[in-house]
Amino acid sequence: MEARFGVALVSRFSPLSLAVHLSVAGLLFGGVSAPALATCSTAGSTVTCTGVPSLPLFLNNFASATNGLTVNVNSGAQMNATLGGHVMDLTGVNISLNNSGTIDPALLGLVSVLSGGAFIGTGATSTVSVLNNASGIIRGTGMLLGLNLTSVDGLGIAVNNAAAGTTSITNNGTITSTGLSVGGITLADTPVVGVYGGSQVNMTNSSTGVINGRIAFETSTAGNTFTNAGAITGGVSMGASSTNTFTAVTGSSVQVGDGVQVSVGLGGLIGINLTFAPTGTVDGGAGGTNSLILQNPAGVGGGTTGVGTASSATYVNFNNLTINSGTWTLQGPLVSGATTLNGGVAQFNNNATFGSGVLTSNGGILQASNAGLNLSNLISLGAGGVTVQGTNATTLSGVISGSGGLSKVGSGQLSLSAANTYLGNTTLNGGTVQLGNNLALSTGTVNVTGATTLSAPGTINLNNAISLGGTLTAGGSGALTLGGLITGSSGLTKTGTGSLTLSGANSGYTGTTTLSAGSLLVTNNNSLGSGALNTAAGTSLDSTANVTLANNIAMTGALNVLGSNALTLGGVLSGTGGITKSGTASLTLTGNNTNAGNTLLNAGSLFLGSNTALGTGALNAA
């Protein structure tokens, strides 16, 4: 036995396959009786470690080559190691380690530098389970190695498991490191968990879990998984050229901390290919087909509760994105492939956030964080469809298909430019929908549930049935035709310099039509339903066929009747306005009218069907 760093070093070897190493440093100084120490007891295939050494220099570690072993470190127990040693050496197969105490190779101070925590396996095929409970602390000492990592000896958890094996690690407590900082290397930089040999790794950091340091898995042909609901100050490397999946839960974090943000790798120098990603980074694995899943604790169907952030600066080398629930702020071009929205809110700030693949929505919500964003992805709507919300202008220029529907909510503008084929209905509840194609709203019913504007910058013909549970405004400078049946009791308002043509037999429409600007064209006797027509000065009314309207008309200022075809106004004309008749066709007025404005006959014929057909104003003929 020799002394280094001014303290006694204790040897770790034992001839037993199952051994607890207990040494009393006080015995080195003579005459000091041994106090009660932490102990590990064996009952069949279960080992239980309890107790706390009463002096810090007592060594309490455990080694076994037994197969099928379960090791339980109870709450309050403290396990340690010496220079180059490991707190736990479990070299059998099919091992379970459950820690509620402290596994800390640095408990002996400087005598423990370069020592490791729990080391499991020798490369044989195995089923390995590591559970670090809420009270558990597992530490390594890898910090001293800094960026010149030449072995795994300083890790807190190291598992060597063959390709056919499985490794499960669950952290409900703390995984961290203790050691000497060299060259600015800090806790966040330090490698703390490494799994190598090729086994499939499934790791979870729960909502109570805290990890300070870096984690790396060697490539698994089956693909590795990681679920983070807690706090990571460091980095995660999932393994290259595979099909890995990382799940982030709302409220979780992956932070840079005070790390130096460079990669650390073993480079195969000792037959282990582990690369520890820079701090603040989750690396899905270069050359792989990797998936990033975002959700709240409830998962699919969990609604929008909970918030999280996913940045392309944090999550790298991911191909596919799935959002199941929660409200997520997405920053940058997050993935390269396909995206699936099963629920929750996707707040995006980049045209390439969702990659170039198909965006499938089964009830998800899209919200642009910046104005002017254009998603060119093909969009496939499943059950639940997709909702576009928010205040910023957004364009969906890819074709929207599938069995689901489209909903628009919020005050922002949604521009639809493709010939869409989705089979579901469209729900409009706020803002503006700019139409760039006759099939922008596909072929289903348009349900207006809140005040919404349809804007047509060009010539657009919509044949959708429209149900007015809220006011629909037709705006823009183009020519918009609503050819489907219009029903409901809410109103229809025409604004903008363009024209609106109503060609359906809208007998089920009972709301008021307001002509505030531009031109209104009617195609049949029921184009305006049964409600009143309110007109503003300078607006125009025309018919595309011989039409008789029974609607009452309230006029503010002159209404221009263009006279392309014979038009009969059979309702009561009221208000301060009058009629200006132009065009070669005839205009017939049959109501008992009370309007005070003048009637100006510029062209065509005027027929009167009652003594008060002209109201109280004058008749002027050109």
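Please treat every number below as a calculation from the coordinates, not as lab data. Everything quoted here is computed from the prediction, not taken from an experiment. When we count neighbours, we look across all protein chains shown, and the Cβ atoms used for this are built from the backbone with ideal geometry, even at glycine.
Treat the count of other C-beta atoms within 10 Å as a stand-in for reagent exposure and order D283, D153 from fewest to most. Ascending Cβ contact count within 10 Å gives the list D153, D283.
The phi torsions of the range 349-362, fed into the Karplus equation with coefficients 6.51, -1.76 and 1.60 and a -60° offset, translate into couplings of 10, 8, 4, 9, 3, 9, x, 10, x, 5, 9, 9, 10, 10 Hz, rounded to whole numbers, with Gly and Pro shown as x.
Can you tell me what percent of all Cα-Cα pairs in the range 419-470 are more than 17 Å apart?
On the way: 411 of 1326 pairs.
Pairs farther apart than 17 Å: 31 percent.
Once fully extended, how much extra length lies between A162 and T50, figured as 0.36 nm per residue of separation less the alpha-carbon to alpha-carbon distance? Before the final figure, lay out the partial values.
Numbers: separation 112, 0.36 × 112 = 40.32 nm, distance 3.13 nm.
Contour length minus Cα-Cα distance gives 37.2 nm.
Apply the a/c threshold of 1.5 to the C-alpha gyration tensor of the range 533-622 and tell me whether it is rounded, prolate or oblate. Since a/c stays below 1.5, the shape of the range 533-622 is classed as rounded. Spacing of the modelled spin labels on A517 and A545, each 7 Å from Cα toward Cβ, amounts to 3.1 nm. Spin-label model, A313 to A298: label points 7 Å out along the Cα-to-beta-carbon direction sit 3.2 nm apart. In sequence order, the range 577-588 has phi-based couplings of x, x, 10, 10, 9, 10, x, 7, 6, 8, 10, 10 Hz under the Karplus curve 6.51 cos²θ - 1.76 cosθ + 1.60, θ = phi - 60°, and Gly or Pro positions carry x. When all alpha carbon pairs of the chain are counted in 10 Å bins from zero, the resulting P(r) reads 3, 15, 18, 14, 11, 9, 8, 7, 6, 4, 2, 1, 0, 0 %.
Taking amide H as placed 1.01 Å from N in the peptide plane, the amide H of K408 sits under 5 Å from that of V388, T427, L428, N429, each at least 5 places away or on another chain. Karplus-based coupling profile of the range 306-311, in residue order and whole Hz: x, 10, x, 10, 10, 10, with θ = phi - 60° in 6.51 cos²θ - 1.76 cosθ + 1.60 and x standing for Gly or Pro.
Amide H contacts of Y315: V282, each under 5 Å away and 5 or more positions distant or on a separate chain (H built 1.01 Å from N in the peptide plane; Pro and chain starts excluded).
Need one word for the range 302-346: rounded, prolate or oblate. Basis is the Cα gyration tensor (sqrt eigenvalues a ≥ b ≥ c); a/c below 1.5 gives rounded, then a/b vs b/c decides.
Numbers: a/c = 2.91, a/b = 1.49, b/c = 1.95.
Oblate, because a/c is 1.5 or more while a/b does not exceed b/c.
Amide H to amide H, with H built 1.01 Å from N, G288 comes under 5 Å of S241, S242, counting only residues 5 or more places away or on other chains.
Shape analysis of the range 451-525 based on the Cα gyration tensor places the equivalent ellipsoid semi-axes at 17, 13, 11 Å, largest first.
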